[in-house]
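Derivation of every value follows stated rules applied to the coordinates shown; laboratory data play no part. Because the structure is a prediction, the values reported are computed rather than measured. Cβ coordinates were reconstructed from backbone atoms using ideal geometry, including for glycine residues, and neighbour counts include every protein chain displayed.
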Amino acid sequence: MWTQWQYLIFRGLIDYGYKKGAKELVKKVLKNVDYQLRTNHWFWEFYSADDLQAGWNRTYIWAGIIARMLIDYNELQ
């Protein structure tokens, strides 16, 4: 999964009132991004939706959109 696309889905879920689904999506994306940052200190181009794997390009700046997801997530609380 690519985090920038997950962010768009996340915003759509919020905009259409599916806050519970939006929260679940953020938790799933964050789990892998957090694991990779702690393990190898990279933002990867894509992350597995099923396990804690990531790959392709390292230092993929768009993956930093997870920070915006967390801001929006905290506003849902």
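Descriptive notes on the structure:
- The base-10 log of I(q)/I(0) for the stretch 8-70, evaluated at q = 0.18 Å⁻¹, reads -0.63 [Debye formula, identical scatterers on Cα atoms, solvent excluded].
- Computed about the Cα centre, the dipole magnitude for the chain is approximately 140 debye when only Lys and Arg (+1) and Asp and Glu (-1) carry charge, each at its Cβ.
- Candidate aspartates and glutamates - alpha carbon under 19 Å from K23, same-chain residues fewer than 8 apart omitted: D15, D34, D50, D51, D72, E75
- For the pair the stretch 29-77 and the stretch 10-26, the centres of their Cα atoms are 17 angstrom apart.
- Local charge for N40 was computed over the other residues whose Cβ lies under 13 Å away, with Lys and Arg +1 and Asp and Glu -1, and equals +1.
- Judged by the mean number of other Cβ atoms found within 10 Å, the most tightly packed of the peptides 57-64, 22-29 leads the ranking 22-29, 57-64.
- As a proxy for reagent exposure, M69, M1 were ordered by neighbouring Cβ count within 10 angstrom, fewest first; the result is M1, M69.
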